[in-house]
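This report refers to the structure that appears directly beneath it.
Only the coordinates and a few stated rules stand behind these numbers; no lab work does. Since this is a predicted model, take the numbers as computed values, not measurements. Don't worry about glycine lacking a Cβ; one is built from the backbone with ideal geometry, like all the others, and counts go over all protein chains shown.
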Amino acid sequence: MMPPELPAHPAISVPRVIAHRGYSARAPENTLAAVRAAHQAGVRWVELDVQLLGDGTPVIWHDRDVKRCSNGSSALAALDRESAQRLDVGAWFSAAFQGERMARLEEMLALLNTLNMGLNLELKINKGHDPLALTQRIIPEVLAALPPERLIVSSFSQPALAAARAMAPPQALALGLLAKRLPCDWPHRCNAISAFSVHLDWRYVKAASLAALNRAGVTVMCYTANDPVAFAPRWQWGVSSVISDNPTVFMPPG
């Protein structure tokens, strides 16, 4: 008797709208507050960035340093867990978020489980950072914390995605190839990691490219769109999800 065929990917119900770095139009990006704001608005998935501090602590953060989104100025790699927790990462956004702290991966995953939310987690590889070190540190933790149907791991880094795939088969972990424009060699890149999805800058997508991705069975997500009228043709072209700073503008009233 032949063994049953394994599913190609986790049974993910792809959301139409994903909140970019949490609800970043209403709360400081990549924070627990931004995720809570997304949940309160009725958004069920969030996109977040993960990196490592200098001591190897995984944190939810986008930039290479903390200048833009905190009251500090250090490079992320120069911080450890204790020094990072002393930063105020909310007051830059508004006084209402003064005292917000940088979210560690473990506490963000705990919040997402409490709220029963899905996560598109970007392995953020800034200049000078090691994609393999990040991937090897992150993947076991997220796989242990979230069910596969509530998780997509994406990256611009092919080495990071290849390392992630080596750590988990396609049916246990959905991977997303991130790119500004669809690369000419996308079939090779997608096949190499058994990609579940491709994530593209919404401004550069083309109908013909989306048709080819759909024929190949690849889910297409677009970032970072905030104008539903300008974005509207992409739905007809075959985009499955929009990643937005202001996700509620893409949601039906009520």
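Before moving on, here are some points about what is shown:
- Part-to-part distance (alpha-carbon centres) for the range 36-60 and the range 147-205, which is given in Å: 19 Å
- Taking θ as phi - 60° and the Karplus parameters 6.51, -1.76 and 1.60, the scalar couplings of the range 130-136 work out to 8, x, 6, 4, 5, 4, 5 Hz in sequence order, x denoting glycine and proline.
- Taking every alpha-carbon pair under 8 Å whose residues sit at least 6 apart, the range 53-201 reaches a relative contact order of 16 percent.
- From the coordinates shown, semi-axes √(5λ) of the Cα gyration tensor in Å corresponds to which of (1) 28, 22, 17; (2) 49, 21, 14; (3) 25, 21, 19: (1)
- A straight chain from V14 to E149 at 0.36 nm per residue would run longer than the Cα-Cα distance by 47.7 nm.
- Spacing of the modelled spin labels on A133 and Q171, each 7 Å from Cα toward Cβ, amounts to 3.6 nm.
- Helix 158-167 axis, angle to the chain major axis (alpha carbon atoms, nearest 10°): 80 degrees
- For the chain, the relative contact order works out to 20 percent when only alpha carbon pairs closer than 8 Å and six or more residues apart are counted.
- Working from label points 7 Å from Cα in the Cα-to-Cβ sense, the W235 to A179 distance is 2.6 nm.
- Here the dipole of the range 17-250 is about 560 debye; that uses its Cα centre as origin and unit charges on the Cβ of Lys and Arg (positive) and Asp and Glu (negative).
- Antiparallel bridges, percent of DSSP beta bridges restricted to the chain (to nearest 5): 15 percent
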